[in-house]
Structure formats: C-alpha cells, structure tokens
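The values are calculated or read from the model by the stated rules, or taken from the named source; none is laboratory data. Computed from a prediction, not measured in an experiment: that's the story for all the values here. FYI the Cβ positions are ideal-geometry reconstructions off the backbone, even for glycines, and counts take in every protein chain you see.
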Amino acid sequence: MALPDLPNWETTPDDIAGAIRQVKAALQGRIDASGRTVEEVFAVMERRVLAEVEDIVATRARGEEVWPVVRYTDIANGTVDPATLQLLQRRGCLIVRGHFERDQALAWDADIVDYVERNRFFETYRGPGDDFFGSVGSKPEIYPIYWSPAQMQARQSERMARVQQFLNQRWTNEKPSEQPGVRWFDPDRDSLYPDRIRRRPEGANSAGLGAHLDACTLDLWMTQSYQRAFRHLFDGTVEQYDPWDASYRTDGPQYAGTTMCAAFRTFQGWTALSDMAHDQGVLHTAPIVAAFGYLLLRPLLSDVADDDMCGVNINKVFPVKEQWHAPLLDAISGIPDVQAGDSVWWHCDMVHSVAPVTNQQGWGNVMYIPAAPWCPRNEAYASSVREAFLTGSSPTDFPEEHYEQTWTNRFQPEDLNRTGRRGLGLAD
Ligand SMILES: [Fe+2]
C-alpha cells in the first residue's frame, strides 16, 4: 500500500508555525490513508503505556524498587539474570551497583576539587553559561569542566566501556531483512561524549527540574531520517513501534538549538561521586520506554491547536505537561539510594526530572557520562570533540565558557589509552 509522502525540513524551517501545520496535516493524512484513524492509533499506544503505569504504581505501592538494579560484576561476567534484562527492556532505565569501587569514585571527586581549586575556578567563575541549571550563590552546582584527569580516566576506563557495551546491546543496531548491509552503530566502541560535572553541596536548596526529554525538538516530526525512524507510528503499524530500534537514528541532521545534543546516545547516564539518599533531590524518570511513541502521537489528536506540538519548540527543552501527558506523570519514580561509584542510566527517549530539595543532607556529586556509540553522527561530532580536547575548550554542544584553555594540569593526549584514542577518532 503506497502512503502519501511527508514533507520534510532538513534544517529549521523559517516559518515554524506554518511547518507545524503542514507536517501535522500530512502525518494525520498518512495515518488515515493506512486505513486507521489517528484516534485509533493513539489509543493503541495509550493502552500500552497505561498498562505500564499501572504496573509501576502497583510496584511502588508494594514498596518494591521500580528501577532495575544490577551489579557491575554481573555485567562484566555476563550473568545478569533474564528477568532483570526483561525489566530493563520495559523500564528503559538502570542502576549499576559498584560500577566503580567506592574509593575510586571518592578519589575522583577529591581530584576534581583539587583540579578546580588549583586553577582558581571559584574566583574566576562568571555565572551560569546557560539558564538550564541554576547555581547556588557565587559557587556553581554545574561545573562547566570537561577535561579533568578524573573525567577522562572514567570515560576511557575498561569498566565504563563494558557497561556502555552492555547498554548498547539492548538496542537493535541492524535489521538485515529491512536495511541490508546497514549497521546503524558499533555497540563496542564509544565516542567519549564530554559532558559536565555536578557538585551540589550539603545544605543546598534546589528547585529541581521539571519533567522533560533531552536533545530533540521539532526535528522529531520534521526531518526525513526521524520520519523514517518513527515510521511505525505514522503508517498505521503502531503495534510494531520499537523504542530500541536504532534504524535511521544515527545519521540524520538535528535542528540547532541551545539544548541540542549533536551525538546519538543510547542511554544518558551519570556516575555517582558521593553517596546520595533517594529523597535528596535525585533523578526521577517515567520509566516506560515506549512512552516516547505516546509523546510523538499526542499532538496529532484534535484537541491540540494546528500549529502546536504540545509545547515542543526549538531552543527549548521538550516539555512533558499535565495538560497533555498526565498519565505519564503518575509513573514518575526516583532512583533508590546510591553510593559513590554506582552509575545511573536512562534511555535517551525517556521522560525524566530532578526532584527539588531543601537543606540537602550530604553532597550530590555526579559525573555525566552517557553511552554514545560510534556511528556517523558521533564520528562527525568527534572531530569537534578532538579539537576541544586538544585546546581545553568547551565542546560545541555546550556554552562557550572555555575555562580550561589555560589550565595546565588537564588530561593530556599522552594519557589516552586505546579506548580513549578510539573514542576520539585518533585510532581505529
Ligand atoms: Fe535532561
């Protein structure tokens, strides 16, 4: 059955409202032409999501852990039990206990303090480079620091590579019957996506972050590669929508914006550098990996204005709102207590938030390190990452703060191991 083609915009459209009207009508028309209605297709996705919400709410009510938890040693030995793997496939998020030795994580935390203090970071700090995260007084919570020895040691470590590989393997990176000869990414090679550090001190008050999605905005509906990636949502075969299918996700363009992530990440993640209790302003997710399909279909229903994608717009984090997405908010569940050295991971399409905290007990310190496997998109970004690494600059996905350019004790090229060189595209 030939369905009508969709209009697409490979760069941000000049007339955003006009493009939204046009693409929505075309997506609705394409679903109609498949012999199903938008309401019917959305209802399929809604049932799938509501079944998960119910399970999550019941799990919480029984006092059980919603987040799947595995030990690093089970990942390293290939002994993660099938039930946990299955739960990870549904929930799309994971705690890795003992990813690093606690002493190692605490030593990295101390090294970071030493690194920034020696370089008089607090004296020269100019305030937040973007308004995405706030700061406490004159001291930042988010350090725009990318090239400390501690961060690079963690990024190129054997233990990090092993966990990233395990996470990448949850995805389908090739579909020989549908796309012969195409491998959308290499699960065994990471691109060392450089990100920042958060160090939130004892006694801190933080408003947290509302429910949102990272990275993409209107491009999700408007570029040809994303229209192909989410083809099952828009061609009447919604039952086949698979949030773990990497097809067409790793090569297409993204609309530029202050919140963009140029890389493809299978999972976003961080490694704990301090112990953190579950009620001290920690990460939450709506742990339903298929909910992304719900989010992409919701704007096509008739109660949303023709030129509105449920509030999604460029230069703005993808919002998740009571008005449009209420059932997902019921599923929001926080991480359990974590120790320094544990790591926390969530699927790149997953709704997440950070809880507020008043008078925080203990520190809240993390290094953001995602899983960003080698693929055309990440290879392209790696060339700018190499440049930033060699000059101590802020990577191009982040505000141009460049604190480390003059710092002499940065991690040096000669300190790279083979994983590090491959991640930066300096070795095959
Ligand atoms: Fe986020």
Filter region 12-37 down to the residues that are in contact (Cβ under 8 Å) with a residue 60 or more places away in the chain, over 15 Å from residue 227 (Cβ atoms) and β-branched (Val, Ile, Thr) and list them by number. 12, 16
Can you tell me which residue is nearest to the chain's Cα centre (by Cα) among those in region 407-428 that are in a helix (DSSP H, G or I) and in contact (Cβ under 8 Å) with a residue 60 or more places away in the chain? 423
Would you please name the residue that is farthest from residue 49 (Cα to Cα), looking only at residues in region 281-318 that are within 16 Å of the ligand (Cβ to nearest atom) and outside any loop (DSSP other than H, G, I, E, B)? 283
Of everything in region 360-369, what is surrounded by 24 or more Cβ atoms within 10 Å (Cβ to Cβ) and either without any contact (Cβ under 8 Å) to a residue 12 or more places away in the chain or within 11 Å of the chain's Cα centre (by Cα) (or both)? Give them in sequence order. 369
Go through region 1-27 and give me each residue that's over 26 Å from the mean Cα position of the chain (by Cα) and surrounded by fewer than 17 Cβ atoms within 10 Å (Cβ to Cβ). 1, 2, 3, 4, 5, 7, 14, 15, 17, 18, 21, 25
Filter region 360-392 for residues that are farther than 22 Å from residue 157 by Cα and not in a helix (DSSP H, G or I) and give the result. 360, 361, 362, 363, 364
Please identify the pairs in which a residue from region 208-221 that is without any contact (Cβ under 8 Å) to a residue 40 or more places away in the chain has its Cβ atom under 6 Å from the Cβ atom of a residue that is in a strand (DSSP E or B) and within 16 Å of the ligand (Cβ to nearest atom), counting only partners at least 6 apart or on another chain. none
Go through region 335-359 residue by residue and tally those that are over 27 Å from residue 153 (Cβ atoms), away from the ligand (no atom under 15 Å from the Cβ) and either without any contact (Cβ under 8 Å) to a residue 12 or more places away in the chain or surrounded by 18 or more Cβ atoms within 10 Å (Cβ to Cβ) (or both). 1
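Can you pull out the residues in region 156-174 that are of a type in the set (Ser, Thr, Tyr) and more than 24 Å from residue 245 (Cβ to Cβ)?
Matches in region 156-174: 157 only.
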Taking residue 271 as the residue in question, decide whether it is crowded, with 19+ Cβ neighbours inside 10 Å, closer than 17 Å to residue 174 by Cβ, touching a Phe, Trp or Tyr at 6+ places or on another chain (Cβ under 8 Å) and among the β-branched types (Val, Ile, Thr). no
For residue 278, state whether it is crowded, with 22+ Cβ neighbours inside 10 Å and either away from the ligand (no atom under 13 Å from the Cβ) or not aliphatic (A, V, I, L, M) (or both). no
Look at region 319-333 and say how many of its residues are outside any loop (DSSP other than H, G, I, E, B), modelled with pLDDT of 95 or more and either within 15 Å of the ligand (Cβ to nearest atom) or buried (at least 18 other Cβ atoms within 10 Å of the Cβ) (or both). 4
Result of the Cβ filter at 7 Å on region 269-287, keeping first residues that are aromatic (Phe, Trp, Tyr) and partners that are surrounded by fewer than 21 Cβ atoms within 10 Å (Cβ to Cβ), at least 6 apart or interchain, is 270/368
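Quick check on region 257-267. Is at least one of its residues more than 16 Å from the ligand (Cβ to nearest atom) and either over 24 Å from residue 329 (Cα atoms) or modelled with pLDDT of 95 or more (or both)? Even if it seems obvious, please write down each step before you answer.
As a first pass, look at region 257-267 and keep what is more than 16 Å from the ligand (Cβ to nearest atom): none.
Within region 257-267, not a single residue is more than 16 Å from the ligand (Cβ to nearest atom) and either over 24 Å from residue 329 (Cα atoms) or modelled with pLDDT of 95 or more (or both).
Residue-wise test of (1) more than 27 Å from residue 142 (Cβ to Cβ); (2) touching an Asp or Glu at 6+ places or on another chain (Cβ under 7 Å); (3) part of a helix (DSSP H, G or I).
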| residue | (1), (2), (3) |
| --- | --- |
| 58 | yes, no, yes |
| 64 | yes, no, no |
| 70 | yes, no, no |
| 76 | yes, no, yes |
| 85 | yes, no, yes |
| 96 | no, yes, no |
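Could you run through region 9-61 and say how many residues are under 30 Å from residue 336 (Cβ atoms) and either touching a Phe, Trp or Tyr at 6+ places or on another chain (Cβ under 7 Å) or among the aromatic types (Phe, Trp, Tyr) (or both)? If you could, list the steps in order and put the result at the bottom.
Initial filter on region 9-61 (under 30 Å from residue 336 (Cβ atoms)): 45-61.
Next, only the ones that are either touching a Phe, Trp or Tyr at 6+ places or on another chain (Cβ under 7 Å) or among the aromatic types (Phe, Trp, Tyr) (or both) stay: 45-46, 49.
Residues in region 9-61 being under 30 Å from residue 336 (Cβ atoms) and either touching a Phe, Trp or Tyr at 6+ places or on another chain (Cβ under 7 Å) or among the aromatic types (Phe, Trp, Tyr) (or both): 3 in total.
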